[in-house]
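Below: the structure, in structure tokens.
The values are calculated or read from the model by the stated rules, or taken from the named source; none is laboratory data. Keep in mind the model is a prediction, meaning the values are calculated, not measured. Ideal geometry is used to build each Cβ from the backbone, glycine not excepted, and the neighbour counts take in all protein chains shown.
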């Protein structure tokens, strides 16, 4: 992270570098470098150049050969850069070697993403997760952080005899990592308790997932009117937001917005954000939002599915939603996507196009997890009737003496609570259930 190193001023001129090892990877490397430029722009760092480099094999010292490394450094000096930012992941030793060669700050994609997350984290949970990831990333890179790290010292009550400043600082960071892990575990237990409370009131839950900046938060705002933060930037929001929506059939649904995915997401963040992303793994179904106007939409789809696979959520029921159809300029793009995803919904959150169809499809997904039943409730159990109105949809209601006859649609997982009040069919001993429409 940029704040780790002491410097006289913030970086002002950045040269971005992407290296690829095979000719068939050139297009992907170019696209990733352009995405890195968006990430760097999100931090507000001016970009003065992009360099795409081909190399034959990995080199331990600079990743690329020393000759090409010198060419990059010469280019950086020509552009008067004060930071080199690599799209490739650099080892701590490679990062130090580059800084010694160039004489300026050197960062990689992981560091940029971590800095963005650090700037955007708002809640206590997000801040703990980001701090933990940054500490884990910084620990092996401490040797480039301070000028006094090689000094040794002794003395009673200070530090161990002969213990270097580097060793002392590493020990402090390890202690901080342990503390952050304990705090994060406390937050996760609190989240689990909140989730149990939601399960007691079994309202269906859908998680909105997708690549960063595809319009997930905007969709949540459009569907629920929630005052969620919306901005046209990568990782505009990091914290999960859950809001309740009433579907046309009066069936309630909880919608959860999750953090956006990105290619080459630092593994520290994948681990640290498991508590946030597990909302996707525990949802009843997923709403996977994609940006139809992006040429790399299939790559973004694969990235999201890969991360969902790591969370064990890739096999869940999934509604594919292509957003920003109003921005598609290629006349062949939408027909191709419709052929590849025949069950997808195509919308524009900004203009409202296709939103009603999307709500109908969401209703269909919710109905798959519901049943319609006939109930005979004691008249004094008004609490059960209120719960039916709250968690499901009451279709028919009749009062007969000391009983209330009800036909209602409810989540299947609510059946256990209402089982004693289910009406038995006239010709069979089992409880009668009417299939949902």
Among the residues of the range 359-388, write down those that are over 17 Å from residue 203 (Cα atoms), touching a residue at least 60 places away in the same chain (Cβ under 8 Å) and surrounded by 15 or more Cβ atoms within 10 Å (Cβ to Cβ).
374
If you check residue 153 against the conditions, is it over 16 Å from the mean Cα position of the chain (by Cα) and either modelled with pLDDT under 75 or surrounded by 15 or more Cβ atoms within 10 Å (Cβ to Cβ) (or both)?
yes
Got at least one residue in the range 83-97 being at pLDDT 90 or above and more than 25 Å from residue 136 (Cα to Cα)?
no
Here is a list: 33, 16, 52. Which entry is outside any helix (DSSP H, G or I), in contact with a strand residue (DSSP E or B) (Cβ under 7 Å, 6 or more places away or on another chain), within 18 Å of residue 116 (Cβ to Cβ) and at pLDDT 90 or above?
16
Considering only residues that are in a strand (DSSP E or B) and under 12 Å from residue 378 (Cβ atoms), which ones fall in the range 396-406?
399, 400, 403, 404, 405, 406
How about the range 55-106: which of its residues are part of a helix (DSSP H, G or I) and within 24 Å of residue 44 (Cβ to Cβ)?
72, 75, 76, 77, 78, 95, 98, 99, 102
Of all residues in the range 389-408 being touching a helix residue (DSSP H, G or I) at 6+ places or on another chain (Cβ under 8 Å) and within 18 Å of residue 244 (Cβ to Cβ), which is surrounded by the most Cβ atoms within 10 Å (Cβ to Cβ)?
392
Condition check for residue 416: outside any loop (DSSP other than H, G, I, E, B) and surrounded by 18 or more Cβ atoms within 10 Å (Cβ to Cβ):
no
Of the residues that make up the range 131-145, is at least one touching a residue at least 12 places away in the same chain (Cβ under 8 Å), in the same structural domain as residue 179 (by TED's automatic domain parsing) and part of a loop (DSSP other than H, G, I, E, B)?
yes
Condition first: modelled with pLDDT of 85 or more and assigned to a strand (DSSP E or B). Now tell me which residues in the range 374-395 satisfy that.
374, 375, 376, 377, 378
If you go through the range 89-103 one residue at a time, how many are in contact with a strand residue (DSSP E or B) (Cβ under 8 Å, 6 or more places away or on another chain), closer than 14 Å to residue 15 by Cβ and surrounded by fewer than 20 Cβ atoms within 10 Å (Cβ to Cβ)?
2
List the number of the failed condition for residue 125; all other conditions in (1) touching a helix residue (DSSP H, G or I) at 6+ places or on another chain (Cβ under 6 Å); (2) in a helix (DSSP H, G or I); (3) modelled with pLDDT of 80 or more hold.
(3)
Residue match in the range 199-217 (condition: in a loop (DSSP other than H, G, I, E, B), at pLDDT 75 or above, under 27 Å from residue 412 (Cα atoms) and touching a strand residue (DSSP E or B) at 6+ places or on another chain (Cβ under 8 Å)):
yes
Residues within the range 221-267 that are surrounded by fewer than 16 Cβ atoms within 10 Å (Cβ to Cβ), part of a loop (DSSP other than H, G, I, E, B) and modelled with pLDDT of 80 or more, tallied
1
